[in-house]
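Only one structure is covered here, and it is reproduced in the block below.
The values are calculated or read from the model by the stated rules, or taken from the named source; none is laboratory data. Only a predicted model underlies this, so the values are computations on that prediction, with no experimental measurement involved. Quick reminder, even Gly has a Cβ in these numbers, built from the backbone with ideal geometry, and neighbours come from all protein chains shown. These area figures cover heavy atoms from the full protein model, side chains too; ligands, DNA and RNA do not enter into them. Shrake-Rupley method; radii C 1.70, N 1.55, O 1.52, S 1.80 Å.
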Amino acid sequence: MNLIVAVDENWSIGNKGELLVRIPADHKNFRQETTGKVVVLGRKTLETFPQGLPLKNRTNIILSSRQDYSVKDAVVVHDRQELEEELSKYPEEQIYIIGGESVYRQFLSLCSVAHVTKIDRAYEADSYFPNLDEMPEWELTGRSDEQVYFDITYHFLRYERKKN
């Protein structure tokens with residue numbers, strides 16, 4: 001299973017329910033990586049999308065503890081067991097965890113590849129992603145050349161879980 005995330009230099013991912021910054025090339029990379037695939041996200045993350053609608057051209061699986069929650073054109077699951085049952089229908093390499101913080105933390109242990117856009121700046125933030133550089137089970141296996149958007153520099157990184 002994969003995950004995809006954009007983080008700042010402190011591994012922050014958001015502030016007050018919003019992304020830290022919007023970088024068009026990061027959004028393009030996200031679209032290229034996830035189109036035609038399965039994306040797993042929490043209800044709060046979905047509500048930050050335009051009109052709160054699921055992403056087009058993907059199978060959207062929304063995790064929400066609210067039993068009465070439903071979303072047109074998406075599968076809604078209510079706990080980890082229900083999610084794992086739903087995910088068993090798809091090839092692992094086609095599944096992407098896309099946020100938010102609690103969903104990343106719950107499912108990081110199931111992921112083998114992390115696609116990280118690392119922004120070379122610190123932002124004010126209230127949500128974070130675990131620092132993969134401090135986790136011995138993860139190793140950096142790919143790094144793009146430096147990218148620049150106005151005065152923001154960033155890299156596309158690939159981490160892989162070490163095989164035992």
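Just to be sure I understand: of the beta bridges DSSP finds with both ends in the chain, what percent are antiparallel, rounded to 5?
Restricted to the chain, the bridges split so that about 50 percent are antiparallel.
For the chain, which whole percent of the accessible surface, found with a 1.4 angstrom probe, sits on carbon and sulfur atoms?
Carbon and sulfur together cover 47 percent of it.
Using just the helices of the chain, give the 222 nm mean residue ellipticity in deg cm²/dmol: DSSP H runs with n ≥ 4 each add -39,500 (n - 2.57), and the total is spread over all residues, rounded to 500.
Result for the chain, helices only: -4500 deg cm²/dmol.
What nm value, rounded to one decimal, do you get for the distance between residue 102 and residue 133 when each label is placed 7 Å out toward the C-beta?
It is 2.9 nm.
What's the local net charge at residue 125, with K and R +1, D and E -1, over the other residues with C-beta under 13 Å away?
-4
If the limit is 23 Å between Cα atoms, which of 118/162; 28/89; 16/162; 56/89; 56/163 go over it?
28/89; 16/162; 56/163
Which of 95, 127, 112 sits closest to the plus end of the dipole of segment 81-164, meaning its Cα is farthest towards the positive end, when Lys and Arg get +1 and Asp and Glu get -1 on the C-beta?
Comparing the listed Cα positions along the dipole, 112 ranks first.
Nearest 0.05, what FRET efficiency do residue 27 and residue 145 give at R0 = 25 Å with Cβ-Cβ as r?
0.85
In a GNM of the chain with a 10 Å cut-off on Cα contacts, which of 112, 88, 64 has the highest mean-square fluctuation?
Looking only at 112, 88, 64, the largest GNM fluctuation is found for 88.
Can you pull out the chymotrypsin sites (Phe, Trp or Tyr not before Pro) in segment 101-164 whose DSSP state is coil and whose Cβ has at most 12 other Cβ atoms within 10 Å?
150
So what's the Cα pair-distance distribution over segment 1-144, bin width 10 Å, in %?
Values per bin, smallest distances first: 11, 44, 37, 8, 0.
How large is log10 I(q)/I(0) at q = 0.13, 0.19, 0.20, 0.23 Å⁻¹ when the Debye formula is applied to the Cα atoms of segment 1-76, each weighted equally and without solvent?
For segment 1-76, the Cα-only Debye profile gives -0.42, -0.91, -1.00, -1.27.
For the chain, what is the charge dipole size about the Cα centre, in debye to the nearest 20, if Lys and Arg each add +1 at the Cβ and Asp and Glu each add -1 at the Cβ?
Charge dipole of the chain: 480 debye, to the nearest 20.
Mind listing which trypsin sites (Lys or Arg not before Pro) in segment 1-96 are in a DSSP loop and have 11 or fewer other Cβ atoms within 10 Å?
16, 22, 56, 66, 72, 89
Under a 10 Å cutoff between Cα atoms, tell me which one of 145, 26, 120 has the largest fluctuation in the Gaussian network model of the chain.
Of 145, 26, 120, the Gaussian network model singles out 145 as fluctuating most.
Exactly which GluC sites (Glu not before Pro) in segment 74-134 are in a DSSP loop and have at most 11 other Cβ atoms within 10 Å?
Sparse-neighbourhood loop GluC sites (Glu not before Pro): 124.
Over all alpha-carbon pairs in segment 108-164, figure out the percentage whose distance exceeds 13 Å.
I get 65 percent for the Cα pairs in segment 108-164 exceeding 13 Å.
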